[in-house]
Amino acid sequence: MKLNFGFLFFIGMFLALYGSLHYYFYRKITKAFNLAFVPHIILIAVLCLLLFTPVIMRMMDDSGPELLSTAVTYTGYIWMGIIFMLFALNLVVDIYSLIIYISSRIFNASLTDLIPDKKVTLIAVILIAAGINIYGLFEAWNIKPERVVIDTGKLPDGVASLRVVQISDVHFSRMSGVKLANKITDIVTDLNPDILVSTGDLIDDGLREADKVQVLFRSIKTGYGKFAVTGNHEFYADIKKSIKFTEGCGFTLLRNRRVEVNSFVNLAGVDDPAANREGLVTSINESSVVDQFAPDTLNIFLKHQPVIKNESTEKFDIQLSGHTHRGQIFPFTLIVGTVFKYVSGKYYLGDDTYLYVSRGTGTWGPPIRFLAPPEITVIDFINLKSKKNKVRVQING
């Protein structure tokens, strides 16, 4: 694996932040339990090993023994979900304790009895975190269609509706391969799409069953084709391999270009800004791409990140995005909301223009979701001029 300054800086920042979570948990354990010397050393060793597991995963890349690399990957990512939840829950306990302490000082009253025992609290927090992670495994696997209906006057007479099915942020990897692909293809096939789109992060590091996944995706039948754009992870995973995989799945990759899929629908897509950071392109001129849309056609813009450029909105009817995962694990939804104005769902941008942000179909990192269920999005464009449109909506949803 090639090391560069950017990667080393990222690893350094990651270990500093991730290490602080481990140290926080370590302090909670040592304050709650009077550990003897040997258990204390074992605790430190285990936490250090878990801390560096993500780095070990990255260093192993695709070269290590499959069984070992899979075990390391599962251990690292599942623990990542657990430690994040332990931090969030313990932080809530600490805030509560601080409020009680301040209230005691303000009201000159002894309220410390309202603070539970440290040992009991920590055990309860560990059990709750474990329960949330177990539930999160099931929530992440419970992929369901999310239905959106948009009225339009841009479909020609005789075309009652157009169905676009969107997948996003699947993150095929060592943990998510053929089994996930089977589930997605079954759902998408049942939805009978006219167009299937992938709005980025279709693939991640470590997928060893790429050929089987590609066969499954190529089996999906659509009326007008399958189209995709790059996400940031296509570049992280090696853009050349990502392009080969995406096209092998049967997708036409829209890299800063527009295509006409029939006489009344146009699709365009742009690369994720990660292309700039990786030095693969000098710039991404979104305006020049959307300028290719025709005003009298249904214009669908694919863009991985849900960022809106106001000068572009009058050129398309809907932008389909992903990237946010809606935080994937609550309470990270709150953090994502401070970074992105549009987090998940349908947004009306004005002038009959919409944005839809998918919660994502797969997971990144921990294979869990909590209060941010996965989705495969079904966008039905309904012809305002046709009386037949209601039939299709009733049949499919």
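The table that follows gives values for the structure above.
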read-out	value
The stretch 212-239: number of residues that are of a type in the set (Asp, Glu) and without any contact (Cβ under 8 Å) to a residue 12 or more places away in the chain	1
Residue within the stretch 148-162 that is under 19 Å from residue 74 (Cβ atoms) and either part of a helix (DSSP H, G or I) or of a type outside the set (Ser, Thr, Tyr) (or both) present	no
Every residue from the stretch 305-335 that is under 26 Å from residue 138 (Cα atoms) and not in a helix (DSSP H, G or I)	321, 322, 323, 324, 328, 329, 330, 331
Which listed residue is closer than 22 Å to residue 118 by Cα and hydrophobic (A, V, I, L, M, F, W, C), from 50, 35	35
Qualifying position, being in contact with a His (Cβ under 8 Å, 6 or more places away or on another chain), closer than 28 Å to residue 56 by Cβ and not acidic (Asp, Glu), among 126, 132, 83	83
Candidate set from the stretch 15-60 (those that are touching a helix residue (DSSP H, G or I) at 6+ places or on another chain (Cβ under 7 Å) and of a type in the set (Phe, Trp, Tyr)); member that is most open to solvent (accessible area, probe 1.4 Å)	33
Residue pairs meeting the criteria (Cβ under 6 Å; at least 6 apart or on separate chains; first free of Cβ contacts under 8 Å to residues at least 60 places away in the same chain and under 18 Å from residue 121 (Cβ atoms), in the stretch 95-111; second part of a helix (DSSP H, G or I) and of a type in the set (Gly, Ala, Ser))	111/103; 111/104
Entirely in the stretch 190-279, the strands (runs of 3 or more DSSP E) that have 2 or more residues that are open to solvent by 10 Å² or more (accessible area, probe 1.4 Å)	225-228, 257-260
Selected residue (criterion: farthest from residue 378 (Cα to Cα)) from residues of the stretch 144-164 that are surrounded by fewer than 22 Cβ atoms within 10 Å (Cβ to Cβ) and within 20 Å of the chain's Cα centre (by Cα)	144
Residue within the stretch 301-317 that is at positive phi and modelled with pLDDT of 95 or more present	no
Among residues of the stretch 336-370, those that are open to solvent by 40 Å² or more (accessible area, probe 1.4 Å) and assigned to a loop (DSSP other than H, G, I, E, B), counted	4
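The values are calculated or read from the model by the stated rules, or taken from the named source; none is laboratory data. The structure presented is a predicted model; accordingly, all values stated were derived computationally and were not measured. With ideal geometry, Cβ positions are generated from the backbone for all residues, glycine too; neighbour counts draw on all protein chains shown. Only protein heavy atoms, including side chains, enter the accessible area calculation; ligands, DNA and RNA are left aside. Shrake-Rupley method; radii C 1.70, N 1.55, O 1.52, S 1.80 Å.
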